[in-house]
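Read-outs: derived from the displayed coordinates by stated rules, not from any lab. From a predicted model like this one, the values you see are computed outputs, not experimental measurements. Glycine gets a Cβ as well: all are built from the backbone with ideal geometry, and neighbour counts include every protein chain shown.
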Number of protein chains: 2
Amino acid sequence: MPRRKRDPESDIGGRERLLAAAVRLFGAKGYAATTVRDILRAAGVTAPVLYYHFGNKEGLWTALVREGVSKLSVAQDEAMAAAGSAVDRIRGFCRAAYEMRRQHADSHRVIWEILSGPPAAAPRLDLSGEGARFIERLRALVQEAVSSGELRACNTLHVTLALTACLDAASGLRVYDLPGSDPGDELEGMMSVILDGLVIPFE
Amino acid sequence: MPRRKRDPESDIGGRERLLAAAVRLFGAKGYAATTVRDILRAAGVTAPVLYYHFGNKEGLWTALVREGVSKLSVAQDEAMAAAGSAVDRIRGFCRAAYEMRRQHADSHRVIWEILSGPPAAAPRLDLSGEGARFIERLRALVQEAVSSGELRACNTLHVTLALTACLDAASGLRVYDLPGSDPGDELEGMMSVILDGLVIPFE
DNA sequence: GTCTATACAATGATAGAC
DNA sequence: GTCTATCATTGTATAGAC
């Protein structure tokens, strides 16, 4: 029977305590600015617990990123299976990705640091496969909308990249934030700018 | 007559040497991962030079950001004064911003770390004024295109934000980079997706 | 304005008991 | 698996000579 020392109600293991604390701190301060001591204090454990479970600071970071990537990719699978018109599914796909990023904001920021931060700021983890997979999936939906005649002929790659750019902009929480604006509304508006311009008008 | 010790051809002062070295390192590794020792070694000066000119590490960072912001905003002023149709000027404005970011990639990454990086990764410097100014300028061009009848009526804010999102995506050097793709071409393509959809068609 | 030399706190990590 | 205690290294920053 495990000891119960710091948290009377739920006695989760040190491993999980560390992961939970680390994602918050790495998400708020980035890899380099987050110290092992910070994490230990926030998790309420001592140093050997971290080094026993993860080997070192980088091991904890790596475990965290893997966990985050798998969580965020779940939203993709669900959104792909949705019903509705192709354009509706494009919107739903982006919306789902946006909501997932909001819900797991810390995980998203950790991944975002790898993707968009300085090249050598954090341990290098190759996430290009995940990024490419996201693009491919969204592009398939765009292609579907063109094939079905919902959208007019266009460069599907550029449409996909533009949609992704808008999604990333809405997901990034502080860039260009204007007073009294809601990122969710902005995402809807930006998607409309792109998609409405491609809808085949009534003759 | 100043001493000439490390650099036979151009004997610039320690202050400039530090700024040049720091922008490279901060751009490559971010604020926290870049150590004062790194900078000193790269600049070929000793510690007191840094602390004499900038007070501390954060002072050097701050000076660097201010320098970068003013450099990057020059491109805006020039692009605003350009001739051509409103749509051409929108494209030119984004193109100029993109080129400026490429040319001063390190400065851009330093600023980008503040705008899109983890909230507490680097010393907080309020750049919201610069961001808002950029949005306002681009939006004025979009509004002009609508007023002149080049573009159909639309939500100018959302169009502006979408354009900015595409610009930022193309400027971010590693996010979703696909094999054999050129960010400059992608920017052109994404701008076309947005603007061509808004062009008023011939009846 | 720049150097040599150094102070001193914070960092990531480990040994060994339990 | 987790604790106490500690280490070696690296971090930012300064004193004082020139």
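Data overview
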| quantity | calculated |
| --- | --- |
| Cα-centred dipole magnitude for the protein assembly as shown, charges only on beta-carbon of K, R (+1) and D, E (-1), debye, nearest 20 | 2320 |
| Rg and Dmax of region B:1-135, Cα atoms only, in Å | 17.2, 54 |
| Cα-based helix-to-principal-axis angle, B:128-147 vs chain B, degrees rounded to 10 | 20 |
| Order of A:Cys166, B:Cys154, B:Cys94 under a 10 Å beta carbon neighbour criterion, fewest first | B:Cys154, B:Cys94, A:Cys166 |
| Of A:Val23, A:Ile39, A:Leu198, farthest towards positive along the dipole that unit charges on Lys, Arg, Asp, Glu beta carbons give chain A | A:Ile39 |
| Percent of Cα pairs exceeding the 20 Å cut-off, where the set is region A:65-196 | 46 |
| Separation between Cα centres of region A:94-158 and region B:20-74, rounded to whole Å | 33 |
| Amide proton proximity set for B:Leu151, modelled H, under 5 Å, gap of 5+ | B:Val146 |
| Projected label distance in nm at A:Leu178 and A:Ala132, using a 7 Å step from Cα toward the beta-carbon | 3.7 |
| Distances in nm from A:Arg133 to the matching label points in the other copies, shortest first (labels 7 Å along Cα to Cβ) | 4.3 |
| Nearest 10 degrees, 0 to 90: helix B:183-196 Cα axis against chain B principal axis | 30 |
| Region B:10-55 - charge dipole about Cα centre, Lys and Arg +1 at Cβ, Asp and Glu -1, debye rounded to 20 | 120 |
| Rounded to 10°, Cα long-axis angle of helix B:86-103 versus longest principal axis of chain B | 20 |
| Stretch in chain A that is longest and holds no trypsin sites (Lys or Arg not before Pro) that DSSP places in a loop and that have at most 15 other beta carbons within 10 Å | A:7-123 |
| For the protein assembly as shown, the fraction of alpha-carbon pairs in successive 10 Å shells from zero, as % | 4, 20, 28, 24, 15, 7, 2, 0 |
| Residue of chain B whose Cβ sits closest to the axis mapping B onto A, with distance in whole Å | B:Gly197, 1 |
| Calculated [θ] (222 nm, deg cm²/dmol) that DSSP helices of n ≥ 4 give over the protein assembly as shown, each run adding -39,500 (n - 2.57) | -22500 deg cm²/dmol |
